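What follows is a set of notes on a single structure, which appears directly below.
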There are 2 protein chains.
Amino acid sequence: MRAKKLLRQSELQSLIDYNPFLTDQELADKFAVSIQTIRLDRMELGIPELRERVKMVANDAYSKTKTLGEEQIIGDLREFDPGVRGMSVLDVTMEMVHPQAMTVGTEHIFAQANSLAMFVADLSVYIRIQASIEFIRQVYAGERLVCTAVVVDPGKENEIHMDVTTTSSDAVVFSGKFIFGTGRSNK
Amino acid sequence: MRAKKLLRQSELQSLIDYNPFLTDQELADKFAVSIQTIRLDRMELGIPELRERVKMVANDAYSKTKTLGEEQIIGDLREFDPGVRGMSVLDVTMEMVHPQAMTVGTEHIFAQANSLAMFVADLSVYIRIQASIEFIRQVYAGERLVCTAVVVDPGKENEIHMDVTTTSSDAVVFSGKFIFGTGRSNK
DNA sequence: GTTATAATTGCGAGCAGGTAATAATAGCGG
DNA sequence: CCGCTATTATTACCTGCTCGCAATTATAAC
């Protein structure tokens, strides 16, 4: 008797982990058990009700897309000399890796570099951006990416040139040259 | 009177856009109006109830972390000829724009292009990627980005060359040349 | 001013997906 | 067979709505 219950509860746990959008009724059907049993199981396992689960997922997602959407800098800004140079640090989390390869999507590496460069250049609006970039090696979860952006040629009118390099424990993983066309004289 | 209503509705729209977790009661308080008015406004604007909104965010987030984490393609794959060419479509949502400038972060445009290119090249693992890219103009929420990736030089050993172009209603917003170093002979 | 029309507000019922509490029943181990 | 756990049933209540209908208030039209 006890075995059956434990089995069901562990399956319930992973079922809900996998799909948090299931109602108690649906779960009860899957296990051919009454809805009350499911509720008891949830209580014993400390699993909140559907709506709370959905809310949690939504909140997670929301704060995640917010940090990716509303801040300028992807990663933490560590050094900053406006119009001159800047440095940011990005810790690679599991969410950033493609599970099959276990490597970080290059879009994240690019996003860190690009956002830092734009922030240093103080460009929320651009006319045109050109870049020559290179991803030198793959990056794995747990690595700490240190990105440095330096303005190299403030000479030309309406253009800001910038060198951006990302390293992980002193090995270069990304480097790029950015040219921002601003449509304004970069005073 | 109609002016007041329209103003409130547009504010309501952006309020909910900004924070979908508000109940009708909370919204009614903010506008110093009855809860029924809020409900009428929501209906006229086609805004679903709180729980539906939360569910949508959660679903989005859920499928997003899945597509961004478990699939290679950011955007919807529309055409695909393995090793030859591919096309993907990405609808720009509010979450992708930087609110100050109302323009899309270039990292999203890059992510679409890069992931499509890697998918067409069938590269989950790379040795080195070089790219020369250009963001030609800014992109705003609501635009539909159509990205095309074409393999242009399958000649060289251990290298895949690819041209990637992103357009929005037939105007080019991004173009890039990617060179993937594979460390394998591309059969 | 006096209507027509639009906007707002106020109920009451009902629904989904629960919580909480309490009671009845089934199943098995000793 | 007794006792205990597991399961099921029942009921009341909750939130955040929808739906339908009526009443009131504000604004525009004549």
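Roughly how large is the A-B contact in terms of buried accessible area, totalled over both chains, probe 1.4 Å, nearest 100 Å²? Before the final figure, lay out the partial values.
Numbers: alone 11710 and 11600 Å², together 19200 Å².
The buried area between A and B, both sides summed, comes to about 4100 Å².
Which entries of A:Lys5/A:Lys30; A:Lys4/A:Lys30; A:Lys156/A:Lys177; A:Lys4/B:Lys55; B:Lys4/B:Lys30; A:Lys156/B:Lys177 have Cα-Cα distances beyond 23 Å here?
On the way: A:Lys5/A:Lys30 14 Å; A:Lys4/A:Lys30 14 Å; A:Lys156/A:Lys177 15 Å; A:Lys4/B:Lys55 33 Å; B:Lys4/B:Lys30 14 Å; A:Lys156/B:Lys177 25 Å.
Where the Cα-Cα span goes over 23 Å, the pairs concerned are A:Lys4/B:Lys55; A:Lys156/B:Lys177.
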Review point. What average number of partner chain Cβ atoms lie no more than 10 Å from the Cβ of the residues making up B:26-37?
Key: 0
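Shielding by partners for B:134-145, please: the mean number of other protein chain Cβ atoms within 10 Å of each residue's Cβ.
Working: counts 7, 10, 5, 4, 6, 0, 0, 0, 0, 0, 0, 0.
Other-chain Cβ atoms within 10 Å of each residue's Cβ, averaged: 3.
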Study note, to complete from the structure: Length gained, A:Leu45-A:Leu77, 0.36 nm per residue minus C-alpha separation, equals 7.5 nm
Exercise for review: Name the residues whose placed amide hydrogens come within less than 5 Å of the amide hydrogen of B:Phe174, ignoring near sequence neighbours (fewer than 5 apart) on the same chain.
Suggested key: B:Ile136, B:Thr166
Practice item. Shortest first and in nm with one decimal, please list how far the B:Ile127 label point sits from its counterparts in the other copies (point 7 Å along Cα→Cβ). Key: 4.1
**Study point:** Globularity ratio of segment A:73-181, using Cα Rg and 2.2 N^0.38 Å
**Key:** 1.05
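Using alpha-carbon pairs under 8 Å, 6+ residues apart, how would you state the relative contact order of segment A:2-65 in percent?
Values: 26 pairs, mean separation 20.1, N = 64.
Once normalised by length, the contact order is 31 percent.
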Check your understanding: What's the extension gain from A:Glu11 to A:Val152 if we count 0.36 nm per residue and subtract their Cα-Cα distance?
Key -> 44.9 nm
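With all protein chains present, how much of the accessible area of segment A:2-65 (probe radius 1.4 Å) comes from carbon and sulfur, to the nearest whole percent? Provide the component values of the computation, followed by the final result.
On the way: 2260 of 4050 Å².
Its accessible area is 56 percent carbon and sulfur atoms.
The values are calculated or read from the model by the stated rules, or taken from the named source; none is laboratory data. Please read all numbers here as calculations on a predicted model, not as lab measurements. Because the Cβ atoms are built from the backbone with ideal geometry, glycine has one as well, and the counts that use them run over all protein chains shown. Surface accessibility is based on the protein's heavy atoms, side chains included, excluding ligands, DNA and RNA. Shrake-Rupley method; radii C 1.70, N 1.55, O 1.52, S 1.80 Å.
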